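To keep things clear, I will list the structure first and then write my remarks on it.
The values are calculated or read from the model by the stated rules, or taken from the named source; none is laboratory data. Predicted model only: the values in this text are computed from it and were never measured. All Cβ positions, glycine included, derive from the backbone under ideal geometry; neighbour counts span all protein chains shown. For the accessible areas, the whole protein counts, side chains as well, though only heavy atoms, and no ligand, DNA or RNA atoms are used. Shrake-Rupley method; radii C 1.70, N 1.55, O 1.52, S 1.80 Å.
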Amino acid sequence: MCIRDSGINAEYGVTRLIEMASDQDLVTLANNFILASPPGELLEVVTDVRGLLPDESILNESAPNTFREWNTDQFFEVTPSGSPHAVLITKFGEISESEYLDPKGGQVLTFDHIKQEVTGTRPISGELDEEVEPFRAQFEGSASQYLAETFENGACTVYGSQEDGTHVITVCFSSSQFNPKSLWTGRWRSYWVCKFRPGTEEVKISGNIRINVHLYEDGNVQLRAEFKKDLRSPCGPPAPCAQEALKEIGKAEQEYQLAIENLYATMGDSTFKALRRVLPVTKTKIDWDKIYTYKVADKK
């Protein structure tokens, strides 16, 4: 939410809260505003928040953690210098507060959360499970193909690990559109955790899709939608296992996108009309021409 777009009443309410709050309360309030920043607007919101505080330095201690939380939650997309592919900064690939896996590139990225940029890299050293890697690589190939066929732009990062002998492949997608000239931004984020034991018949998939769209032309409106889905797909050798899993993931994402589109296509004819009173309390239409005539007569 961009505070400057919130309107006079909202701004007055925030100002009153700031006047009454302690420093700790101000830090909590400011961080909540920052974490609610729409895609692509983090720095603008931070600037607005600092402008409201009597002493902006009170945010210096909490800023690194707040930025880190926002970047990882938003699946922030970066392209390391010299790399042909983009990488998502996510909690699934977090090694430390500033190090993140790039399994496809075989490297670990050092990421500055404040500057939102990669500041260094190092080769992966023991962070990948060699037993899971053949499956992870095939899932990544299928996920990259699906991304290219489905999204106009974006990135995917695929992680692999084991839990008590169970292979865990986590597929993350992120696709963003930033259009400040038309006063809107948006991001699609999804992740799918695929669990299976090689040699068994089934892959269990748990997914989460989140959509965030911000429209700020003559107002401040945000769409935040979240959808969770459990799926099943056949297991087998790495290549067909990955292909079948991504086929089910693709179906689920496309069904959800169509459901959202249909919802908003019909909302104008149903939900919004239900919010409006068809007639005044008198059950008769207002004759605006007659009222205008009376008003003109009064002036004479």
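If a residue must be in a loop (DSSP other than H, G, I, E, B) and over 28 Å from residue 44 (Cβ atoms), how many such residues does the stretch 104-121 contain?
Taking the stretch 104-121 as the starting set, the residues that turn out to be in a loop (DSSP other than H, G, I, E, B) are 104-106, 113-116.
Filter again for over 28 Å from residue 44 (Cβ atoms), leaving 104-106.
So the answer is 3.
Only residues that are aliphatic (A, V, I, L, M) and open to solvent by 50 Å² or more (accessible area, probe 1.4 Å): list them for the stretch 105-121, please. The answer is 114, and nothing else.
Within the stretch 178-188, not a single residue is within 19 Å of residue 245 (Cα to Cα) and open to solvent by less than 50 Å² (accessible area, probe 1.4 Å). Taken over the stretch 215-237, the residue count meeting the criterion of being farther than 14 Å from residue 200 by Cβ and either surrounded by fewer than 16 Cβ atoms within 10 Å (Cβ to Cβ) or of a type outside the set (S, T, N, Q) (or both) is 16. Taken over the stretch 23-58, the criterion of being farther than 29 Å from residue 177 by Cα and not acidic (Asp, Glu) is satisfied by 24, 26, 27, 28, 53, 54, 57, 58. Residues in the stretch 122-164 that are assigned to a strand (DSSP E or B), farther than 21 Å from residue 203 by Cα and open to solvent by less than 80 Å² (accessible area, probe 1.4 Å): 122, 155. So in the stretch 191-212, with the set limited to residues that are free of Cβ contacts under 8 Å to residues at least 40 places away in the same chain and not basic (Lys, Arg), which one is surrounded by the fewest Cβ atoms within 10 Å (Cβ to Cβ)? The selected residue is 199.
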